[in-house]
1. Condition first: assigned to a loop (DSSP other than H, G, I, E, B) and free of Cβ contacts under 8 Å to residues at least 60 places away in the same chain. Now tell me which residues in the range 247-286 satisfy that.
2. Please indicate, with yes or no, whether at least one residue in the range 226-237 is among the polar types (S, T, N, Q), part of a loop (DSSP other than H, G, I, E, B) and modelled with pLDDT under 95.
3. Inspect all residues belonging to the range 192-206 and state whether any of them is outside any loop (DSSP other than H, G, I, E, B), of a type in the set (A, V, I, L, M, F, W, C) and farther than 27 Å from K143 by Cβ.
4. Find all pairs meeting these conditions: Cβ atoms under 6 angstrom apart; at least six residues apart or on different chains; first residue within the range 62-78 and in contact (Cβ under 8 Å) with a residue 12 or more places away in the chain; second residue charged (D, E, K, R) and surrounded by 12 or more Cβ atoms within 10 Å (Cβ to Cβ).
5. Restricting attention to the range 72-104, which residues are assigned to a helix (DSSP H, G or I), of a type in the set (K, R) and under 19 Å from E169 (Cβ atoms)?
6. Can you tell which of T142, T200 is of a type in the set (S, T, N, Q), modelled with pLDDT under 90 and surrounded by fewer than 18 Cβ atoms within 10 Å (Cβ to Cβ)?
7. Identify the residue in the range 105-123 that is in contact with a Ser or Thr (Cβ under 7 Å, 6 or more places away or on another chain) and either among the small types (G, A, S) or part of a loop (DSSP other than H, G, I, E, B) (or both) and, among all such residues, is nearest to D57 (Cα to Cα).
8. Would you point out the residue of the range 265-284, among those that are among the hydrophobic types (A, V, I, L, M, F, W, C) and farther than 15 Å from M198 by Cβ, that is surrounded by the fewest Cβ atoms within 10 Å (Cβ to Cβ)?
Amino acid sequence: MTRRLWRLLGVIGGAAVVLSAGFVLGLPFSSRAQQSAQTAQQPTQPATTTAMPPSGDYVGAETCKGCHEEAFNKFSRTKMGRLFLKQPRSAKEGNACESCHGPGKDHVDAGGGKGKGGMITFAKNDPTPVEKRNAMCLSCHTKGARLFWQGSAHDSRDVACTGCHKIMEDVSPRHQLAKETVIDTCGTCHLQKRAQTMRTSHMPLREGKMTCTSCHNPHGTVTQALLKEASPNDTCFTCHAEKRGPFLWVHAPVNESCANCHDPHGSNHENMLKVAKPRLCQQCHVESRHPTSPYGRDTGSLKFVMGRQCTSCHAVIHGSNHPSGFAFTR
């Protein structure tokens, strides 16, 4: 009985020692966790910085403002101006005006004026090569949609970033475009495509439901015509998913390219067709099945081209899933 009692007391004492040690050892860790939680709860004060003070060949934004006050005030109201002049995130942004135009010391020492001091003006008559001007923009804008700018259609034709974007003042609601809308900006060069959007059958660009950049990426792609998707069909399928298929009976020209029959920029025929029906169909089907003349008065033409449209019978011309729809009739 005595031995059992001593064993019981020993077990109880050992447990008490273990609990005491755990409590003592746990105190530092508990306090550290509490300190971390308190630190995380403390609000962090945002760092407020302004344009960097002049140093070296840089003279500072205030010096630029002394001569270019009107341009400076316009720039200060833009998104980039508020960032560069009020809250720069790096030393480069802190140089404000000189971040893009280059160091201004030589320009100031020469007494100012156009063409003095080797400043980059980004004007149309600026002797600075377009490649160098664009490099100033691309030194910050390197990611996203500009990944394939090098060697793109616009880059290879020496199109300057400032040809489409206006940095010194806000003209458009978004993207600092040179014109008020995307269509107006693209239309300054692509006059024919802009004129096509004015035709009776057109994409809803004029209505503001889409823009040129809904299908094209002007900053460069690896596809034809700067399309965002891998092919013209994939671009159309982003909206016209019901035409994608797969179909049991596939119409070959449709499977090849939607642009074989449609003009996506606009047409004066229904559904943006390149040519009016039935002439469109008979560009390929003149001598198959029941030959007819597009607008013939003979019996064959009158019999088989009801209402002058092949689609009066061949209704599902984009493809059919009906077992008996090999002729796209159902």
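The values are calculated or read from the model by the stated rules, or taken from the named source; none is laboratory data. Predicted model, so just to flag it, every value in this text is computed and none were measured. Heads up, the Cβs are rebuilt from the backbone with ideal geometry, glycines too, and the neighbour counts pull from every protein chain shown.
1. S257, C261, K274, V275, A276, K277, P278, R279, L280, C284, H285, V286
2. Yes - at least one qualifying residue is present in the range 226-237.
3. yes
4. Pairs found: F72/K65; K74/E169; T78/D170.
5. In the first step, residues of the range 72-104 are kept if they are assigned to a helix (DSSP H, G or I); the result is 72-76, 79-86, 91-94, 97-101.
Of the ones still in play, those that are also of a type in the set (K, R) are 74, 79, 82, 86, 92.
Within the range 72-104, K74, K79, R82, K86 qualify.
6. Testing whether each residue is of a type in the set (S, T, N, Q), modelled with pLDDT under 90 and surrounded by fewer than 18 Cβ atoms within 10 Å (Cβ to Cβ) leaves just T142.
7. Going through the qualifying residues, I end up with I120.
8. Keep residues of the range 265-284 that are among the hydrophobic types (A, V, I, L, M, F, W, C), which gives 272-273, 275-276, 280-281, 284.
Okay, now just the ones that are also farther than 15 Å from M198 by Cβ, so 273, 275-276, 280-281, 284.
Working: L273: 16, V275: 15, A276: 15, L280: 20, C281: 20, C284: 11.
Here the residue is C284.
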